[in-house]
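Notes follow the structure.
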Amino acid sequence: MKIWIRSFAAVLVILSTGCSRSNSKSASQSSPPPVFAKEYPIAVTTTVGMVADIVRHVGQQHVQVTQIIGAGVDPHLHKASRDDVLAMMNSDVTFYSGLMLEGKMADTFENMAKSKPVIAVTEKIDEAYLLEPEDVRGHHDPHVWMDVSAWSRCVEVVAETLSAFDPPHADDYRSNAEVYSQQLVRLHQYGLQAIGSIPADRRVLITSHDAFNYFGRAYGLEVLGVQGLSTESEAGLQRINELVKRIVDQQVKAVFIESSVPPNNINALIEGAKSKGYDVRIGGELFSDAMGAGGTYEGTYVGMLDHNITLVARSLGGTAPATGMLGKLSLNSQESPSP
């Protein structure tokens, strides 16, 4: 990239120093990549919206993207349906996030990789940068998109894959990737500024599950989830009691529900704090494992992170415009839902 903001570039240096052996690399990478020889557009299947958004920005008119895990769907629990398998069979390339985010689809990816490119977009992120929570030793936290500077590495993977697969349009893919990466530079800086405006003693983010650890590390928040890394993990009474005590002792202003996770555990925190004479409110609904509805600003990766950054900053006492970095956020999306 020609223009870099220093803090963003420094993270990329760390991210690009090597590749992890355990980083869910694409199963097809051991064989020479095929070259596209059919009619355009290239048929691309993706899993989650964050991956689909990269492919649409980088591929633009040269690709047609089918996203198989939609808005509000939990990718941790998603199993490949018959339609999903057909979509991948009929596509020319498949991109997925990796790091076991789509763990129940691993066998499907392995089988598809025998006949076409199946690429984990997180494959270029160095293992040294990845988080490994204590409760899931041996497995990396897959929620890398919560750190915009880290997710930008995935843009490079998509651009390189499409360039190798479709050499006549390689310059387009690289140019598109550069433009998109500059948008991510701006978004990352907005995150640093907005979250940095929260008073230091209020920078505690409590959510439904541990999807925000990269977000917290990147932007300076202590992150506490009721559930563990996967939404399959159970939230025990002890964990809820620990968080209730923390909320009351530190006078935490707000806790947050997630768009792809039931709000039961967060409601339990609110009731627990209330029983101790302290009222904590729901700060709003964050996007964690899925973006917003298709066709909306929040249904894009930039809009998703803009929403999360803006909502967290405003709910925890920081300063950020209600309509976000670009003035595109829906005012309704920044309102706190009733518990």
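Bear in mind these aren't lab numbers, they're just calculated from the coordinates by the rules spelled out. What you are looking at is a predicted structure, and each value in this text was computed from that prediction instead of being measured. Ideal geometry is used to build each Cβ from the backbone, glycine not excepted, and the neighbour counts take in all protein chains shown.
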Cβ-defined net charge surrounding residue 191, 11 Å radius [Lys, Arg +1; Asp, Glu -1]: -1
Exposed-loop-free span, longest in the chain, where GluC sites (Glu not before Pro) count as exposed if DSSP calls them loop and at most 15 other C-beta atoms lie within 10 Å: 40-231
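Kindly provide the trypsin sites (Lys or Arg not before Pro) of segment 58-111 that DSSP labels as loop, not H, G, I, E or B, and whose Cβ sees at most 16 other Cβ atoms within 10 Å.
In loop regions of segment 58-111 (DSSP not H, G, I, E or B), the sparsely surrounded trypsin sites (Lys or Arg not before Pro) are 79.
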Long-range HN-HN contacts of residue 119 with modeled amide H, under 5 Å: 94, 95, 96
For segment 232-277, size of Cβ-based charge dipole, Lys and Arg +1, Asp and Glu -1, in debye: 300 debye
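Given a cut-off of under 8 Å on Cα pairs at least six residues apart, what relative contact order in percent is computed for segment 41-180?
Numbers: 203 pairs, mean separation 34.5, N = 140.
Relative contact order here is 25 percent.
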Alpha-carbon centroids, segment 168-208 and segment 264-331: separation in whole Å: 17 Å
Folded to 0 to 90 degrees: helix 301-315 orientation relative to the chain principal axis, Cα: 10 degrees
Reachable aspartates and glutamates, given that their alpha-carbon falls under 19 Å from the alpha-carbon of residue 276 and they are not under 8 places away in the same chain: 242, 249
Under the Karplus curve 6.51 cos²θ - 1.76 cosθ + 1.60, θ = phi - 60°, whole-Hz ³J(HN,Hα) for segment 82-91, x wherever Gly or Pro sits: 4, 5, 4, 5, 5, 4, 5, 5, 8, 8
5 angstrom amide H check on residue 284, placed H, neighbours 5+ away: 257
Stokes-Einstein D (µm²/s) once Rh is taken as the Kirkwood radius of segment 259-336 over alpha-carbon pairs, at 10 °C in 1.306 mPa s: 119 µm²/s
Segment 126-243: mean projected area of Cα convex hull, nm²: 9.2 nm²
Rounded to 10°, Cα long-axis angle of helix 170-196 versus longest principal axis of the chain: 10 degrees
Options 139, 121, 163, ranked by Cα towards positive dipole end of segment 41-189, top entry (Cβ charges): 163
Other-chain or far-sequence residues with amide H under 5 Å of residue 66's (modelled H): 44, 45, 46
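If you average the sequence gap of Cα pairs under 8 Å that are 6 or more apart and divide by the length of the chain, what percent do you get for the contact order?
Values: 639 pairs, mean separation 60.3, N = 339.
This gives 18 percent for the chain.
Write down the percent of antiparallel bridges among all DSSP beta bridges whose residues are both part of the chain, to the nearest 5. Each step should come with its number before you reach the end.
Details: 1 of 22 bridges.
Given both bridge residues lie in the chain, the antiparallel proportion sits at roughly 5 percent.
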The chain - convex hull of the alpha-carbon atoms, volume per residue in Å³: 129 Å³
